[in-house]
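The structure appears below as structure tokens.
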Amino acid sequence: MDYRHAHAAHPPEQVVRLHDPASGLDGVIALHSTHLGPAAGGCRLWTYPDPAAAIGDALRLAEGMSYKNALAGLPLGGGKAVLRRPEGDFDRAALFRAFGEAVEELGGRYVTAEDVGTTVGDMAGVARQTRHVAGLPPRPGQPGGDPSPWTALGVFRAMEAAAGHRLGRPIGDCTVAIQGLGSVGAALAGLLHQAGARLIVAEPRSAVAAEVATRTGAEIASLASVLEARCDVFAPCALGGVLTARTIPRLRATIVCGAANNQLGCAEDGMLLADRGILYAPDYVANAGGIINVCAEYLGWSGGEVSARIAAIPDRLRQLWDDADAAGIAVNLAADRLARATIAGGRIPAMAAP
């Protein structure tokens, strides 16, 4: 298979197939770009029907990480590891030991961390094989651990900016519909509840939905109906591809701002949102808090640096909304254009170094 022209809008630098029957390891590491630094992006463990589906997901996610890291002002390129979850019982420690060996073989060109389906404990296992890993148990006073609370905080700050920009009111005076209550979605619900927002939530695990609803007073919607919920903000926080030519006409929200990666089915869907007057916060800008924390952990930055960079997310979004309006294009295209220019120029924005 010629990976250079498959799935991603721009070809990756390297694609490494992972296959170790003894441990059950089956997947791929995609390095989209190392132009600004080592390719950084989490390791996803998920059920895929075949290797081609896993590879396609990795290529799209790796490209998104290149753009995310560039616009977050991080000295990192973009990469992603996608592993197919073995059927039935499997030796998790052995699988991640084999994955760590594969990361080490890349000699620092790829830095991994948690993603969907993986944990701090998994990364601790990877760290026994390589130092090119983050998301490890934090040391006192230093960034580390599960990056999802930082992702949620960045999305919350992005929502605050979007509510002020489009609605002229604080997020606490808004209704937010959250699709997906994983570690990020649940943390985001907590932050929004603390701010006073009214919540509508949808999650396939009924016990999780009930717990969040009890804690936050949220209304529970079905996965099918949450897209049509009457709300100010729709927050996709599950897997990607939820915003398409089929689903966008069903939205009743004025703003889309969530934590999921690759929310748009294709680039043209950004214009469908714009044509409906829906303000979109490009996913890889809004959800950059987690990779900011990962970068700080890996490079030895302080917790204060993490907070400062997450606080800069709203300004970057306002710049992109203004750029899109000035150019007469959808904001996702404005974000892609700025990210590609940043990567091609080989220089990260002004906040790059602590």
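The values are calculated or read from the model by the stated rules, or taken from the named source; none is laboratory data. Quantities reported herein were computed from a predicted structural model and do not represent experimental measurements. Quick reminder, even Gly has a Cβ in these numbers, built from the backbone with ideal geometry, and neighbours come from all protein chains shown. These area figures cover heavy atoms from the full protein model, side chains too; ligands, DNA and RNA do not enter into them. Shrake-Rupley method; radii C 1.70, N 1.55, O 1.52, S 1.80 Å.
Within the option set ALA81, ALA54, ALA72, ALA40, being over 20 Å from GLY107 (Cα atoms), small (Gly, Ala, Ser), crowded, with 19+ Cβ neighbours inside 10 Å and in contact with a Cys (Cβ under 9 Å, 6 or more places away or on another chain) holds for one residue only, ALA72.
For ALA238, the stated conditions do not hold, so it cannot be described as over 24 Å from LEU74 (Cα atoms), assigned to a helix (DSSP H, G or I) and either open to solvent by 10 Å² or more (accessible area, probe 1.4 Å) or of a type in the set (A, V, I, L, M, F, W, C) (or both).
Hey, any hits in the stretch 187-208 for a residue that's modelled with pLDDT under 95, open to solvent by 10 Å² or more (accessible area, probe 1.4 Å) and within 22 Å of TYR280 (Cα to Cα)? Looking for residues that are modelled with pLDDT under 95, open to solvent by 10 Å² or more (accessible area, probe 1.4 Å) and within 22 Å of TYR280 (Cα to Cα), one finds none in the stretch 187-208, hence no. Selection of the stretch 150-186 for residues being among the hydroxyl-bearing types (Ser, Thr, Tyr) and surrounded by 24 or more Cβ atoms within 10 Å (Cβ to Cβ) yields only THR151. Comparison of LEU31, LEU59, LEU83, LEU95 shows that the only residue that is of a type in the set (A, V, I, L, M), part of a strand (DSSP E or B) and farther than 27 Å from TRP301 by Cβ is LEU83. Can you name the number of the only condition in (1) open to solvent by 50 Å² or more (accessible area, probe 1.4 Å); (2) closer than 24 Å to ALA229 by Cα that TYR298 fails? Of the numbered conditions (1) open to solvent by 50 Å² or more (accessible area, probe 1.4 Å); (2) closer than 24 Å to ALA229 by Cα, the odd one out for TYR298 is (2). Among helices (runs of 4 or more DSSP H) entirely within the stretch 241-328, having at least 2 residues that are touching a helix residue (DSSP H, G or I) at 6+ places or on another chain (Cβ under 6 Å) and closer than 27 Å to ARG109 by Cα singles out 283-286, 289-299, 303-311.
Among the residues making up the stretch 243-252, a single one is in contact with a strand residue (DSSP E or B) (Cβ under 7 Å, 6 or more places away or on another chain) and surrounded by fewer than 23 Cβ atoms within 10 Å (Cβ to Cβ): LEU251.
Filtering the stretch 84-104 to residues that are touching a residue at least 40 places away in the same chain (Cβ under 8 Å) and open to solvent by 10 Å² or more (accessible area, probe 1.4 Å) leaves ARG84, ARG85, PRO86, PHE90, ASP91, ALA94, ARG97, ALA98, ALA102. In the stretch 216-226, of all residues being modelled with pLDDT of 95 or more and among the hydrophobic types (A, V, I, L, M, F, W, C), the one that is most open to solvent (accessible area, probe 1.4 Å) corresponds to ILE220.
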